[in-house]
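Nothing in this text is a laboratory measurement; each read-out follows from the coordinates by a stated rule. Values in this document were obtained by computation on a predicted structure and should not be read as measured data. Because the Cβ atoms are built from the backbone with ideal geometry, glycine has one as well, and the counts that use them run over all protein chains shown.
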Amino acid sequence: MRAASLVVLIAVVLPFLLGQFWAYQLGLYALYAAAAVGVGVCWGQAGFLPLGQALFFGLAAYLSGLAFVAFQDTPIVAVLILPLAAIAAGLLAYLIGSLVFRRSGESGAYFSMITLALALLAFQIATSWNSVTGGFNGLKGIPGLPGFDDISDVYYVSAAILLAVLAFAGWLYNAPIGVLWRALAQNERRLQLFGFDTNQLKAVAFGISGLMAGVGGAIYAPQQGIVTPQVIGFGLSAELVIWAAVGGRASLFGPVIGTLLVGSLTAQLRDTLPFWEVLMALFFIAIVLVFPRGVAGLAEPLLRRFPPRRRKQAAIVAPGDPAARPPAKLALDDVSVHVGEVTILDQLSVDFEQAGIFCVIGPNGAGKTSMFNAVSGELGAASGKIGLGGVMTSGLAPHRVSALGVARKLQIPSVFPDLSIADNLAVALWSGRAGKLALLDPRLRRWTSPMLKELQSRYPFLAAGARKAAELSHGEQQILELAMALLTEPRVLLLDEPCAGLSPEETAAAMEIIRWAQQRLGGAIIIIEHDMSLVKELAQIVYVLHNGALLAKGSVAAIQADPAVRAVYVGGEK
Amino acid sequence: MSRPRLRFEDLTGGYGSTTIVRDLAGAAIAGEALCVLGRNGVGKTTLMKLLTGYLPCMRGRVLLDEQPITALDPAARRRAGVSYCPQERPVFDDLSVRDNLTLMGASRKLAPFRRYFDRFPILERRLAQHAGTLSGGEKKMLSFVRGLAEDQPVILLDEPSEGVQWENILHMEALIVEKKAAGAAFIVVEQNLAFAERIADRYLIMDQGRTMLEGSRSEIERSHVLEHLHV
Amino acid sequence: MPDPLIVTQAINVLYGVSTLAVLALGLAVIFGLLGVLNIAHGEFVMIGAYCAYVAQAGGWPYLAALPLTLAVCAILGLAVEWIMIRPLYRRPFDTLVATWGLSLLLRKIAEAIFGLGYQSVNIPLPGTVKLLGTEYPIYRLLLIGISLAVVAALVVWYGQSRTGSRIRAMVSNPELAQAQGISVRWLAAGTFVTGTCLAGLGGVMIAPLVPVQPFMGLDYVLRAFFVLIVGGLGSVAGLFSGAAAIGGVDSIISAATNAANGYFAVLVLAILFLWLRPRGIVARG
């Protein structure tokens, strides 16, 4: 709150300190800054790079300009249309994001190229559609906002808009959705396995960035009086990215600092110092390669001396009891998976009981992790069915499979390294419990659950909420990921070598937790394990996989005595 | 007593922050084969990756003729004299069998491969085919021939017999014996005990990332080996 | 005798497709083989075009632009590969951002040296020749020939030579390539430099026919990218089908209506492929 009041104070006082010329300049650049904040939402939070943001700024500018020209005599109508122009830009962005992000995998680079192409195309259209846009010379003679004719009015309107955008962004960054965006940027796969539709999260981020750019553009038109294709083309899109990066894309104020400082300085120095822009480009490269936190990053050590006064807030018990979901049997029926010429799973049929601890063993390449990938929806089956408690899961996207009560701990410890421990655990708590709108409520960050309290009493480091997950030791990260999986209170928990790299003491503690978890949750825990001493300790039933099919199933003693299993492990003459 | 060509001591390493293998030591002696045995998941392939340079060592050293090669990348180790046939993806699927064999050779001539083709005629028949169309065992045979034909003093093989028919495994044994007689030093990771018994001079048996048993073949009883291999 | 208008249009389409293929070739090498999305690809084309301009301004023969371009693109390519591509090989998104910064830097340098205005390069072989009942510019015909020759030569070399085999080996199985002594770092650097030099070569070729200005590269990198997406990465059939699809659609629609519509059609086609069939017409692997 202190920071916010300081910012508002500065905003109010600035024109008196800098004089009319700079107030006017800043008034213009504040609108660009609103769009730059949008770049920060996409790139700094959610981890994807939009290269054509001017499309939304310019679209809203043209729409707003046309409205103001059309309704010159009744400007109040234009003022009412103004927010609609911004919303139109936001909706277009959301639509584009939804369509593009559904192609997962390389969507990062492809998405950037599409946004680049769209901005260039919009520029082409704006330049050639003379009748509507005024062509290359633009839409002229746009009347100003009624009642705001003074030069200083320009500044205050823009500053108010920028502050509103910043407040909105600040709220989002602090809300669960902001945490989810940052988690997405760090480990998208892990977030999907917690039941979150990451494609939609990215589309929402893009839509919001379009809205922010649209807000700036909608005000731009009446303020500047003219809208040319320059505001919708590549040049402005490129500058928005540079300003956001140089200022510090991950911080709230970074993009604003970048736009106001670098943007307005460039406008002044561009003509006098011909190599200024070359320098800026070099600076950008340096920031991207070496110092991603930008100018705002320089201020960070300073800010750490003034930690925000945080009232100790009470934890809220999470609503909903996923444990009320009855346990379910996981069954694979004749599942085959091929990758190119290689058969990874070969008509694999396995029926797991609905409760208990089961181990899956087998030689390398037997298909154990691939089986898990098929169950979690990350590997598509060419044929066969996978079902959970009678509900077919094969063909569902990973986040939907997770939502049905399947949790997974990956082979290599996979948490959200730059999020705090508290945020990591919160993401797990939100999984399956938080509705879409609830993700906007900052109070959700204080959620806890009885299970979390028990885990924290067993592992006190889980209560040191402010520490970053990356600071934890390897063993602690394994436990954190295990805890997160347990917090979702799954019906089926898939553990892939949960004790890899753990010391003997840590391994013993992990085994104890696994036993306790099975008792507590009452569901099935399926473990891929190589260490036979662990298998002997934990497994009620052992499944042996070989060449993508089930070779044997039974108690530890039974499979030890099985000659087929022995042949696989010891080898022999054919 | 022949000298060790490749020696490793205190070898500790893994992936990222996970330690898979600890304190491994051993040597490949000229004219002899060291067989590394153990169930899967005990760290045999990790040991290979540390010896060949694909994984950095957290601790320990690898020495070639008493010169440290711990800092060298895999290509440099090959040029220093260590051949390697990996367990997974053993051939270039997109290249023909012929190209697989002659890729790094002095010329594209096949004369040097005569003795190998005599034992594995199927490779000669499939020279023009893409290696990706070969069966798993045939790929292993191709990889084996490529590795031995490099004529390097140290040869590292990771599960060379996987998927290979028994009669061809016997051919592999014969070729390894020939190479040993010529002074090559082998380290062979194997899960097939019958094959290992035929080619090994020394054993290194692993479990849970560490050495469990170690010694010459005469020193170690078969029953002890079985104990560590079976589930 | 066929209708002269149709003949002209047909040769125009052939010209569009073949020059698109050669301009996309550099990116096909870098993106298709190394998996690196070099957004600065268009700027290497721009460098080639400006080299042609410099050669003309210096009074040298047109062909002098070739060694100049190769030198600049090779040195620059080597430096770029070492500084920003090599450390980011497993991080495609970071490579995209870094090369975007590079494209910005190169544009600004060009702007600082040559200014924002359009430069004009004289056609080295002016004039037309009578072909199939119509007059057609000699230089364009020459370009068609050179484009096809360059693509064919590269394809043959890549498929037959030992270096070509080693590049294919490195691309499909880098671990095994290293095990056999291939220094992947140098081979990858060499491949990258080949890509940038091909881009520069394309720039030299088209310089007389387009306005040479610092922002010219953007169009080419996008078109090259679309060619590869629509056609498919990693094969010459993919390169040509992509060039045919993009170039064909663009030429035909532009001729029928206008350039903006042509671009619009290309964009729609590219988006459809990105959305529905991102591996392209000739999908591989």
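Values for this structure:
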{"read-out": "Charged-residue dipole, Cβ positions (Lys, Arg, Asp, Glu), the range A:1-160 about Cα centre, Debye nearest 20", "value": "440"}
{"read-out": "Packing-based order for B:40-50, A:6-16, A:20-30, using average beta carbon neighbours within 10 Å, highest first", "value": "B:40-50, A:20-30, A:6-16"}
{"read-out": "Binned Cα-Cα distances of the range A:375-472, short to long, each 10 Å bin given as a whole percent", "value": "13, 36, 33, 16, 2"}
{"read-out": "Tensor-based shape of the range B:29-72 (alpha-carbon gyration tensor, a/c under 1.5 rounded, otherwise prolate or oblate)", "value": "oblate"}
{"read-out": "Bins of 10 Å, starting at 0 and running to the largest distance - Cα pair percent for chain B", "value": "8, 34, 37, 18, 3"}
{"read-out": "Estimated 222 nm signal from helices in chain A, with DSSP H stretches of n ≥ 4 weighted -39500 (n - 2.57), rounded to 500", "value": "-17000 deg cm²/dmol"}
{"read-out": "Charge-dipole axis of the range A:2-237 as Lys and Arg at +1 and Asp and Glu at -1 on Cβ define it, positive-most pick from A:A167, A:V69, A:V215", "value": "A:A167"}
{"read-out": "For chain A: relative contact order, % (alpha-carbon pairs under 8 angstrom, 6 or more apart)", "value": "17"}
{"read-out": "Considering only the protein assembly as shown, percent of DSSP beta bridges that pair antiparallel, nearest 5", "value": "55"}
{"read-out": "Estimated dipole of the protein assembly as shown in Debye, rounded to 20 [Cβ of Lys and Arg +1, of Asp and Glu -1, Cα centre]", "value": "540"}
{"read-out": "Global form of the protein assembly as shown, assessed from the alpha-carbon gyration tensor, a/c cut-off 1.5", "value": "oblate"}
{"read-out": "Sorted by Cβ neighbour density within 10 Å, fewest at the top, the residues A:E378, B:E221", "value": "B:E221, A:E378"}
{"read-out": "Total lysine pairs under 21 Å (Cα atoms) in chain B, excluding pairs fewer than 8 apart on one chain", "value": "8"}
{"read-out": "The range B:37-71-the range C:88-115 distance, computed between alpha-carbon centres (Å)", "value": "40"}
{"read-out": "Most mobile of C:T99, C:T194, C:T134 in a GNM of chain C (Cα contacts under 10 Å)", "value": "C:T134"}
{"read-out": "Ordering of C:234-241, A:297-304 by packing [mean C-beta count within 10 Å, highest first]", "value": "C:234-241, A:297-304"}
{"read-out": "Check: the range A:475-574 dipole with +1 on Lys, Arg Cβ and -1 on Asp, Glu Cβ, in debye", "value": "520"}
{"read-out": "Angle in degrees between helix A:294-303 and the longest Cα principal axis of chain A, rounded to the nearest 10", "value": "80"}
{"read-out": "Cross-link partners of C:K108 among aspartates and glutamates (Cα-Cα below 12 Å; sequence separation of 8 or more within a chain)", "value": "A:E277, C:E43"}
{"read-out": "For the range A:2-237, Kirkwood radius (reciprocal of mean inverse C-alpha pair distance, Å)", "value": "18.2"}
{"read-out": "Peptide B:76-85 - average C-beta neighbours from other chains (10 Å radius)", "value": "3"}
{"read-out": "Reference-scaled alpha-carbon Rg (2.2 N^0.38 Å with N residues) for the range A:179-326", "value": "1.39"}
{"read-out": "Anchor A:K453: lysines whose Cα lies under 27 Å away (excluding residues fewer than 8 positions away in-chain)", "value": "A:K312, A:K409, A:K436, A:K468"}
{"read-out": "Taking the range C:4-276 and dividing mean pair separation by its residue count, relative contact order in percent (alpha carbons under 8 Å, at least six apart)", "value": "37"}
{"read-out": "Residue among C:A259, C:A243, C:A21 with the largest mean-square fluctuation in a Gaussian network model of chain C, springs linking Cα atoms under 10 Å", "value": "C:A259"}
{"read-out": "Proximal lysines relative to A:K553, as straight alpha-carbon distance under 19 Å, when same-chain residues fewer than 8 apart are discounted", "value": "A:K329, A:K368, A:K536"}
{"read-out": "Inter-part distance where the range A:176-208 and the range A:500-574 are each reduced to a Cα centre, Å", "value": "34"}
{"read-out": "For peptides C:115-127, C:172-184, sequence by mean Cβ density within 10 Å, most packed first", "value": "C:172-184, C:115-127"}
{"read-out": "Leading residue at positive end of dipole, chain B (Cβ point charges), from B:I69, B:L34, B:L193", "value": "B:I69"}
{"read-out": "Alpha-carbon Rg with Dmax, taken over chain C, Å", "value": "18.9, 62"}
{"read-out": "Share antiparallel - DSSP beta bridges, chain A, percent rounded to 5", "value": "50"}
{"read-out": "Chain B: antiparallel DSSP beta bridges as a percent of all, rounded to 5", "value": "55"}
{"read-out": "Whole-angstrom gap from the range A:237-271 to the range C:249-285, using each part's C-alpha centre", "value": "34"}
{"read-out": "Shielding by partners - mean other protein chain Cβ count within 10 Å, residues of A:108-120", "value": "6"}
{"read-out": "Exercise: per-residue mean of other protein chain Cβ atoms within 10 Å, A:281-287", "value": "5"}
{"read-out": "Axial C-alpha extent at least 27 Å, average Kyte-Doolittle at least 0.5 - helices from chain C (DSSP)", "value": "C:4-27, C:92-114, C:138-160, C:184-206, C:236-256"}
{"read-out": "Förster radius 30 Å - calculated FRET efficiency between C:R91 and C:A153, Cβ distance, rounded to 0.05", "value": "0.35"}
{"read-out": "Gyration tensor verdict on chain A (Cα atoms; rounded if a/c is under 1.5, prolate if a/b is larger than b/c, oblate otherwise)", "value": "prolate"}
